[in-house]
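Everything below concerns the one structure shown next.
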Amino acid sequence: MNKPPQLNKGDRIAIVSLSSGILGEDFSKHQIKIGVKRLKSFGLQPVFMPNALKGFNYLKENPEARAEDLKTAFADDTIKGIICAIGGDDTFRLLPYLLEDEVFLDHVKNTPKLFTGFSDTTGNHLMFYKLGMTSYYGPNFLNDLAELDSEMLPYTTQAFRSYLNNPSTTNIPSSELWYEERTDFSKQAINTPRIRHTEQYGYERLRGTGIVSGALLGGCLESLYDLLKGARYPEEKALAKQYNIFPDITEWQNKILFTETSEETPTPDHFERMLEALNDLGIFEAVKAIIVGKPQNEVYYQEYKEVLVRVTEQAQTPILYNLNFGHAYPKTVLPYGLEAQIDFNELEFSIIEPLFQDE
């Protein structure tokens with residue numbers, strides 16, 4: 001994989017809205033101020049791309065404008081990293097505007113840049129994976145940097161700091177706390193803490209022994225399913241197939257699959273249907289192991305475990321459950337295409353190569 005350079009203090013960071021246009025709505029203004037302040041506290045200089053703040057309707061109707069912002073960020077040599085505003089549900093509509101632009105493709109190849117986000121951003125990550133660039137399934141602007149509490153969640157803060165460092169190995173422990181999603185994002189909620197809980201389970205081994213290593217590949221389960229089945233938008237399946245966005249079975253060989261569920265908390269039956277779609281492709285037999293994120297608010301926590309074991313029974317895929325990534329709060333960073341290691345005996349997980357280019 002072609003790794004980007006790490007971030008450094010003073011770097012200009014682009015904020016893009018590639019899915020939802022929520023960042024441009026008036027009710028998000030107080031969150032923007034918080035997120036900007038937090039980025040500056042890391043020594044970074046936020047730069048909103050020209051269309052990032054144009055709101056729901058404009059960005060829904062103009063996917064080419066969303067794509068243009070990403071292309072602008074890659075073309076600007078002063079921009080060193082890119083942070084997604086939030087997820088959404090239709091970033092797939094950007095594919096023709098990006099993958100048919102030779103200038104953009106050349107920039108991705110020759111000047112890779114840090115790109116971070118999760119959820120529907122899975123589609124963007126899989127595009128970059130196809131293009132050979134490492135991207136990072138990690139914090140985004142609204143969910144994480146704009147956390148309404150008086151500070152970012154400490155575990156997430158440490159994860160974001162990893163973007164400014166480049167150790168040879170990154171150990172990723174289980175968080176001692178987990179937090180419920182907020183129900184109030186209004187201005188009145190500023191400085192109110194999230195409801196928090198002591199972690200009762202830690203990393204759980206559902207199957208597997210010893211040490212397993214492999215490159216990371218995956219994303220939000222609903223996003224993967226939609227790319228395969230077009231469950232939400234029929235044209236999504238067609239575009240994903242046209243541009244070969246969903247990795248074919250050879251790409252899954254010897255990988256570690258990471259996946260997690262969204263704030264929509266799919267029922268166990270839906271969870272099983274989505275897993276079966278991956279199973280039908282032979283993914284569970286191809287990969288060396290699976291890591292699964294904590295379900296948001298621990299909804300269906302035990303039920304998902306039972307489904308995972310049942311669907312992967314024939315493949316006997318090793319599974320480590322209840323990791324802190326994606327829609328879980330707090331969250332870590334998972335780099336696409338880089339080598340990770342699971343110690344099933346000690347219940348440990350780590351990235352075993354540098355996250356960024358060697359200087």
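Where only DSSP H runs of four or more residues are counted, the chain gives -9000 deg cm²/dmol as its mean residue ellipticity at 222 nm, each run worth -39500 (n - 2.57).
Here LYS3 is the anchor, and the lysines within straight C-alpha reach of less than 19 Å, apart from those fewer than 8 places off in the same chain, are LYS71, LYS80, LYS109, LYS113, LYS130, LYS255. With both labels modelled 7 Å from their Cα along Cα-to-Cβ, the GLU25 to GLU348 distance reads 4.5 nm. Using the Cα gyration tensor of the chain, with a ≥ b ≥ c the square roots of its eigenvalues, what is the shape: rounded (a/c below 1.5), prolate (a/b larger than b/c) or oblate (neither)? Rounded, because the longest to shortest axis ratio a/c is under 1.5. Note on the chain: dipole from Cβ charges, positive end direction compared against PRO318, GLY208, VAL299; the farthest Cα belongs to VAL299. Using Cβ point charges alone (K and R +1, D and E -1), the dipole size of the chain about the Cα centre works out to roughly 820 debye. Using C-alpha pairs under 8 Å with a sequence gap of at least 6, the mean separation divided by the residue count of the chain gives a relative contact order of 21 percent.
The numbers here are math on the coordinates, done by the rules we state, and not lab data. Fair warning: this is a prediction, and the values are worked out from it, not measured in the lab. Heads up, the Cβs are rebuilt from the backbone with ideal geometry, glycines too, and the neighbour counts pull from every protein chain shown.
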